[in-house]
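Input: a single structure, listed below in structure tokens.
The values are calculated or read from the model by the stated rules, or taken from the named source; none is laboratory data. Remember, it's a predicted structure, so these values are computed and weren't measured experimentally. Cβ coordinates were reconstructed from backbone atoms using ideal geometry, including for glycine residues, and neighbour counts include every protein chain displayed. Areas reflect the complete protein model, heavy atoms only, side chains present, ligands, DNA and RNA absent. Shrake-Rupley method; radii C 1.70, N 1.55, O 1.52, S 1.80 Å.
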Amino acid sequence: MLHIGRCGQVLFVCKHHFSQKMANLLHDLNVNTKKATLAMGCFWGPDSLYGATKGVVRTRVGYSGGEKPCPTYRSIGDHTESIDIDYNPDEISYSELLNLFWANHDPTLKTKPQYTSLIFYHDNEQKQIAEESLKEQERLKEGVVTRIIPFKEFYNAEDYHQKYRLQQYPQLMEAIGITKGSTLLIDSHLAARLNGYVVGFGGVNQFNEEVGKFGLDEKTIEDIRDLVIKYEGMGLTC
Ligand code: MHO
């Protein structure tokens, strides 16, 4: 069954693509979450960084911060590439998410709106924490351009931008049962995690600790572990 999103994109309502073998894959985490939305340059990198961060449940990339209705990658208008994170506040705090934000991009970089540095707050508490952390950064360096603005609208980016690094491994996509157009590309916890691990985020120790929960077969686990080991510590690239 299909239906059409508000920006004309095709949405697949038929969500899970189950075979018996795939029934135990950890796509869903049944925990309460809060949202954090950030812009820190090209969104592929932060999608991987946060996806492998403990306490992060889901990630999606998209366009936010502008006025243009229904932006796309080729017609982004005044929007900024952004990452929208669902996190479990019992496992990670908003301040910790912001520490990663500051440590993983250059907030003094003057760029076009597409790549500018932004913190979108969802409530007053986030606003306060963000303002404090910005002040701290300004004490440390000159010329910080990061702006703190209220969250308004987030437009999902095209499917090929979601979990971009993971999608470079079609055999892994197949192993976790995510087919073209699946909403799991956006909603899956497992996809968020693996999108980080394939570029080394999270590190091999964390991978070994949690991989048992993912419901993956041995061969897939070995393939991913090799990638984590190969790329661990390489940092964020786009
Ligand atoms: N360097 C990348 C940027 C991609 S991005 C999602 C490219 O040339 O496509 O902005």
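A compact table of results
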{"read-out": "Test: residue in the stretch 80-93 that is within 15 Å of the ligand (Cβ to nearest atom), open to solvent by 20 Å² or more (accessible area, probe 1.4 Å) and in contact with a Phe, Trp or Tyr (Cβ under 8 Å, 6 or more places away or on another chain)", "value": "no"}
{"read-out": "Selection from the stretch 208-225 of residues that are within 25 Å of Tyr160 (Cα to Cα), under 20 Å from the mean Cα position of the chain (by Cα) and either open to solvent by 30 Å² or more (accessible area, probe 1.4 Å) or free of Cβ contacts under 8 Å to residues at least 60 places away in the same chain (or both)", "value": "Ile224"}
{"read-out": "Count of residues meeting criterion [of a type in the set (D, E, K, R) and assigned to a loop (DSSP other than H, G, I, E, B)] in the stretch 202-236", "value": "2"}
{"read-out": "Contacts under 7 angstrom Cβ, first residue in the stretch 134-161 being under 18 Å from Lys110 (Cα atoms), partner open to solvent by 70 Å² or more (accessible area, probe 1.4 Å) and in a helix (DSSP H, G or I), 6 or more apart", "value": "Val144/Glu138; Ile148/Glu131"}
{"read-out": "Output for the stretch 34-79, where each listed residue is in contact with a Gly (Cβ under 6 Å, 6 or more places away or on another chain) and surrounded by 21 or more Cβ atoms within 10 Å (Cβ to Cβ)", "value": "Ser48, Gly51, Ala52, Thr59, Pro71, His79"}
{"read-out": "Helices (runs of 4 or more DSSP H) enclosed by the stretch 122-201 - at least 1 residues per element that are within 16 Å of the ligand (Cβ to nearest atom) and open to solvent by 30 Å² or more (accessible area, probe 1.4 Å)", "value": "none"}
{"read-out": "Test for Thr72: is it part of a loop (DSSP other than H, G, I, E, B), within 16 Å of the ligand (Cβ to nearest atom) and of a type outside the set (A, V, I, L, M)", "value": "yes"}
